[in-house]
C-alpha cells in the first residue's frame, strides 16, 4: 500500500467559520483529533520532526482565531508526513481524522457524508463495469465504453463533493495513496484502467508505484487505453522508479521516469508492438 504523494493536490486552505456554535464545535473536534494523532505518534515512539509538527498543530488548534497559523501548522505537518517512512495504516487513518476536523473547522462537509449524489441510470447490457469504493463510498459504474465509465465517475464525484481522496478499493483490495490526495481526473483515470466486462479474464495486469491497472482487452486496445489514461492516473505521483507488468517487475536503477515514459514503456512491452522504445530518458531494466 502506498500513501501520501510528493505533490499534494489539496485545495487552498481558506478558513471560513459560519456561526459561533459551529466554530466552537470545530475547535473542539480539531483539538481532539490533533491530540489523538500526537498520542498515536508517542505510542509508536516517533519523537522526531513529525512529532514536533503534530505538537505545534495541537497547540495552534487550542487557540482561538489564528487561522493563518493553523493553516501553516497543518501544511507543515502534512508535508513532513508525506515524506515519512514506516507510517502504518492506523496512523494514516488517524491523520485522516485530522483532515476531516480541519474541513469541519472550515465549515466544509466531510467526504463521508456527501450531498445526495446524482443517480446514474444503468444501461441494459453494459459492456464495461467498475465496482469498488472511493474512500468510504461504494460505487458501481456501468457503460458501453471505458469513456462512459470515466464520465459516470466524474458525475458521481461532483455530487459526492469528494475533495480529499487517498483510498480507493478495487476488486476488494484497498489501494492507498502514500504521496498525496488524488484529484478527480486521477481517480476517474484509475477507475477507467480497472474497468472491463463482468467476469472477463484480464489480459493486461500491473501497477505503477502501487497504482493498479487491469484490462480485459486486446494488446492494441490496452495500449491505447493506457497511453490515454495512465499518465493522468499518475499525474501527482512525482518520483517513479518501478512498475510491474504481467508479473514482471521493472526498476530504474539510475533515476526516475515520467508518467508518460512509463505508459510508453508498458505499451512497448505488450504483444504486437512493432515500435522501439523511443524518447525514454533512462533505459528499462528488468528485475526479478
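Full extension of the segment from residue 42 to residue 144, taken as 0.36 nm per residue of separation minus the current Cα-Cα distance, would add 31.6 nm.
The calculated FRET efficiency for residue 35 paired with residue 161, based on their beta-carbon distance and R0 = 25 Å, is about 0.40. Please check which bits of the range 215-238 a label hung off residue 200 would reach, taking the label as a point 7 Å along Cα-to-C-beta and the cut-off as backbone N under 11 Å. The answer is 215-219, 221-222, whose backbone nitrogens lie closer than 11 Å to the label point. With the simple model of a label 7 Å out from the Cα in the direction of the Cβ, residue 207 to residue 220 spans 3.2 nm.
Throughout, read-outs are computed from the coordinates displayed, never taken from laboratory work. Predicted model, so just to flag it, every value in this text is computed and none were measured. Using ideal geometry, Cβ is built from the backbone for each residue, glycine included, and neighbour counts are taken over all protein chains shown.
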